[in-house]
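The structure appears right after this line, and notes come after that.
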Amino acid sequence: MEYFVYIIINLLLFGVFVAVGKSIEYHPKKNFWRLYTPVIVAYTLILGIRYNRGADYKHYQDVFNWNLDADKKLFTFLNDLLKVIGIDDIGIFFVYSFIFICLSGFLIKEYRNFAKWLLPMFLAANIYFNEWFISQGLGLSFVLLFCAFLFNTEINVKKKVYLCVLSALCAFSIHSGNLFNLFIVTVLYFVYDKPFDWRICIILYLFSSYYFQYHTDFTLINQMLVYINGLDSRMDEYIKRGDDWFSNYAIHDDYYRKGFFKTLQTLGECSFFYFANMAFKSKNVFLCLEKRRCLILLFNMFVIGSILGQMFFAVEILKRMASSFYLVWCFPLAYVVRVVNFNKLSVSLKILYCFMFWFGYEYLKYIFYRIDGVYTFLWDKVG
């Protein structure tokens, strides 16, 4: 029964994102936030009422109750504030979900032209990550906010700098891993404003996925992590929990063990490299230069996350860092679907295009076949 209730509730959530996405795109002159409100409410409630789903759930209840992770200054301050106003270790997940979906809305708002594709893709890309890596996901919402301010043409330079610095400090104060994200975003913004060439992307991806991943001795990297562990007590916790995530979950995931799913992923992501380049070269009138630059940056972030994720697949901490880059695929992919005319493609390109449906695989697995086997909500809590 838990399983079917879980499926129905998540399909309803997906339906809300689809309906709101269409409404936002088809009514460009209406207030975005008014149209976006059902998404905020539905996401907050449904993510909030989950119970014990994801490896981080119990951990962050302990963080909240016992003031752990004190070096995450903003996260600790938020938890202390929630205690003062009477929020308990169940209510915190409503708050975390609310903050994430609200802050993400600032970047989504910039691309309301193709919101009917972007909103459901955004849900598919991020919901799993936010269940499993709570503070990192919360910090990621500030990284998205940073991007929204960075490319905003309606605010003056002084205000833009202030808002970007504030967003960056918040992202870092919630999860230190976001420093790497912010660094890459800033470097790409100032140094490289073109999409990575699809040919180079595919070569590096295939090398990382089919050679580097299997023929590299990660002993040195592990020794470095052990050394860092000696400097930072939190690293030991990450390593121990990383062992749990891999040994108990990922190793049982068919996608990680069977060549068929790995091949689908390769075709899907390499197809995306190609069609993203095609989309960015096309002429369109519904995006200003800065918004287009932001999409290119998000695509390049995805490419980096995709390649590093394959390269360091066996090193959990590095793979987690790469995942936060990978998750932004929803923005450029929605743009690709909006711009590339499927009917005008050759037969071979149509086949290649269809492989991009790979990006829905993780979400379908999230709904129908969770690798942790947990489908519970608050009403399923015992005791």
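Quick notes
- Euclidean distance of C-alpha centroids, region 105-124 and region 153-195, integer Å: 20 Å
- Highest-fluctuation residue, Cys164, Cys330, Cys354 considered, GNM on the chain with Cα pairs under 10 Å: Cys354
- Amide proton proximity set for Phe377, modelled H, under 5 Å, gap of 5+: Tyr51
- Residue among Ile200, Ile49, Ile371 with the largest mean-square fluctuation in a Gaussian network model of the chain, springs linking Cα atoms under 10 Å: Ile200
- DSSP H segments from the chain that extend 20 Å or more along their own axis, Cα-based, with Kyte-Doolittle mean of -0.5 or above: 2-26, 32-48, 92-108, 115-132, 134-150, 157-174, 259-281, 289-311
- All other residues whose Cβ lies under 14 angstrom from that of Arg34 are scored, Lys and Arg at +1 and Asp and Glu at -1, for a net of +4.
- Gaussian network model of the chain, Cα within-10 Å springs - most flexible of Thr37, Thr153, Thr216: Thr216
Each value in this text was obtained by applying a stated rule to the coordinates, not by laboratory testing. Computed from a predicted structure; not experimentally measured. Note that each Cβ is placed from the backbone with ideal geometry, even for glycine, and that neighbours are counted across all protein chains shown.
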